[in-house]
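Worksheet for the structure shown next.
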Amino acid sequence: MTTSLVGGPALPQARRMVTDIPGPRSAELAARRSAALPAGLASAAGVYVAAAGGGVAVDVDGNSFIDLGSGIAVTTVGNSAPAVVERATAQLARYTHTCFLATPYEPYIEVAETLNRLTPGSHDKRTALFNTGSEAVENAVKYARAATGRSAVVVFDHAFHGRSLLTMTMTAKNQPYKHGFGPFAPEVYRAPMAYPYRWPSGPQHCAEEAFAHFAQLVDAQIGADAVACVVVEPIQGEGGFIVPADGFLRAVAEFCRERGILLVADEVQTGIARTGAWFACEHDGIVPDLITTAKGLAGGLPLAAVTGRADVMDAAHPGGIGGTYSGNPVACAAALGVFEEIESGRLVERARTIGEAMVTALEDIAAGTDVIGEIRGRGAMIAAELVVPGTREPNRDAVAAISRHCHLNGVLTLTAGTFGNVMRFLPPLSISDELLTEAFDVVRDGFASL
C-alpha cells in the first residue's frame, strides 16, 4: 500500500529494516547533534527522519518505521497530508507573514470561525490564535484573570500544561519538567486527580472522594472568590492518559458554575479528533468556558488556539494579547487543511475504530502477561500502565525494554506517566488497518521478550 505525498513520490506503507538501529547516517547526525545542540534537548528515538506519511516514517538510512506516536499527537491526519500540504504550499506562494496584529488576513479568521463552530456549546464564542500549547494555556489563564478579576489558578495532580514559567508551574511532574528551574509562578494550587487505578480506597470511591478534596481545597483553603479558573485535561496526556473517574469532571464543572469560576479544558493533546470526538470534553458532556488546542491543529506547523465564551475573550484590553508569529498565515492554511482532511475522511469515526483495534490487541497481550496493570484511554489515544507483577508498583524497566524492542524492530512508540511506567499509543488516523496490526504484533513480541 502506498500513500501519495504532494510534491514527491508515493511513500510505501510498509515496515522495512535495512540497517542496524541506529544506522550509519543516523549515527553521523547524532555526532553532529552532540557537538551543536545542548544536552537538555533529548530525543526518545536514535534515528533521524527523512520522510513521513500515512502511517510510516522513513529514516535517513532507509529504514521504514510504523508510527505509533504522531509526533506526540501532532500529525493526527498523517504526516504531509494532501490537503495540509496543498493549502500550506499555496499560502507560502502568496505570502509567509505580515503579523496579524499589524496587517491581518483571512485565513486567521477562517480558523477562528471553524473552531467557534466545532467546540462544544451553542453560546457566542471567540478564538485567538497562538504558536504553542504552552502559549495557549498561559493566555487562557490571562483571559480568565481579566474576566473575573481574580488571580488563583487550580490544577491537578499528574497534569502537564507546558514548559513556560506559568505552565511549568501548573505542570505536576518535577523531573524532567521542573527540576532546577524554580522559583515558580505564584497563585497556582493543586488538587488530587480522580485517577481510578491508583485511588487509595478503590475506583468505586474515586470520583466522589476526589471531588470532595477538590471542593475543600477551593472553598476552605484558597477561597472560591479568589479563583479565576480551574484548568484540567479531560484526559491527562503526559500524566499517563488518565481518564478521570466517571462523574468527576461533571461535578467540577457544576461546582465552577455555582461559584463563578471559569473552567478551562486543556485539549492540547486530546483535541482535534484524537479521542473519537472533536474534543475529549464531549465524552463527559461538559461545556468548558475556555478550550485550548494546539498539537493536532495544524498538521505539524506551529499553531495553537484559545476558544471561549465571547464575554470572557472580550475582557482582555486591546493590545494585551497577541504575538509576532501568532496565527501565522501558513500555519492557518495548514489548519484549514486539517479540518478538511478530518471532515472529508470521517477521521473522528476512524479514531474510534483505531482505538477499538488497539484495545483489543492490548487486551490480548494482557492475557499472556502479568505486567499490564490497566489499559485505558479513548479513541486513538490508548495507554497501558505497566507494573511489577503481583503489585501496582510502577515498572519503568519493562516500559524501557519494550520500547527499545519496538524501536529496534521498526515501530515508533512513546512513553508517559508520572512514574514513567506507561506506554502510550497515538497513531496517525491515516494509518492502515494492516500497519496497525503489524505494529501491535511487534509490541506483542516486545512483551513476550520480557
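Things worth noting here:
- For the pair the stretch 142-185 / the stretch 9-34, the C-alpha centres are spaced 37 Å from each other.
- Amide H contacts under 5 Å for GLY54, placed H, 5+ residues apart: ASN79
- Bridge type composition, the chain - antiparallel percent by DSSP, nearest 5: 65
- Averaging the sequence gap over all C-alpha pairs within less than 8 Å and six or more residues apart, then dividing by the number of residues, gives the stretch 203-330 a relative contact order of 19 percent.
- The chain - mean residue ellipticity at 222 nm from DSSP helices (-39,500 (n - 2.57) per run, n ≥ 4, rounded to 500): -11000 deg cm²/dmol
- Residue of ALA383, ALA90, ALA416 that the Gaussian network model of the chain assigns the largest fluctuation, springs spanning Cα pairs under 10 Å: ALA90
- Averaging Cα coordinates gives a centre for the stretch 65-105 and one for the stretch 409-440; these two points are 23 Å apart.
- Sequence ranges 295-306, 314-325, 10-21, ranked by mean other-Cβ count within 10 angstrom, highest first: 295-306, 10-21, 314-325
- For the stretch 270-327, the C-alpha radius of gyration sits at 1.29 times the compact-globule guess of 2.2 N^0.38 Å, with N the residue count.
- Label-to-label distance, ASP20 versus ASP397, with points set 7 angstrom from Cα along the beta-carbon direction: 2.5 nm.
- Given R0 = 56 Å, the distance between the Cβ atoms of HIS317 and ALA448 translates into a calculated FRET efficiency of 0.40.
- Angstrom value of the Kirkwood radius, inverse mean 1/r, which spans all Cα pairs in the chain: 22.5
- Quick note on the stretch 1-132: its Rg to Rh ratio, both from C-alpha atoms and Rh being the Kirkwood radius, is 1.06.
- Working note: Karplus 6.51/-1.76/1.60 with θ = phi - 60° gives the stretch 152-164 the couplings 6, 10, 10, 10, 10, 3, 6, 6, 10, 10, x, 10, 6 Hz, where Gly and Pro are set to x.
- Scattering profile of the stretch 198-337 at q = 0.15 Å⁻¹ [log10 I(q)/I(0), Debye over alpha-carbon scatterers]: -0.85
- Largest-first ellipsoid semi-axes for the stretch 84-344, taking √(5λ) over the Cα gyration tensor eigenvalues, angstrom: 31, 19, 17
- Summarising the label geometry, the points placed 7 Å from Cα in the beta-carbon direction at SER151 and GLN216 lie 2.7 nm from one another.
- Packing around the peptides 192-200, 283-291, 53-61, 390-398, taken as the average count of other Cβ atoms within 10 Å per residue, puts them in this order, highest first: 53-61, 283-291, 192-200, 390-398.
- Count Lys and Arg as plus one, Asp and Glu as minus one, and take only other residues whose Cβ is under 11 Å from that of GLU282; the net charge is then -1.
- Ranked by how many other beta carbons lie within 10 Å on average, peptides 98-104, 179-185 from highest: 98-104, 179-185
- Tail beyond 20 Å, pair distance distribution of the stretch 13-82 (Cα, percent): 34
- Divided by 2.2 N^0.38 Å, where N counts the residues, the Cα radius of gyration of the stretch 54-196 comes to 1.34.
No lab work stands behind these numbers, since they all come straight from the coordinates. Please read all numbers here as calculations on a predicted model, not as lab measurements. We place every Cβ from the backbone using ideal geometry, glycine too, and count neighbours over all the protein chains shown.
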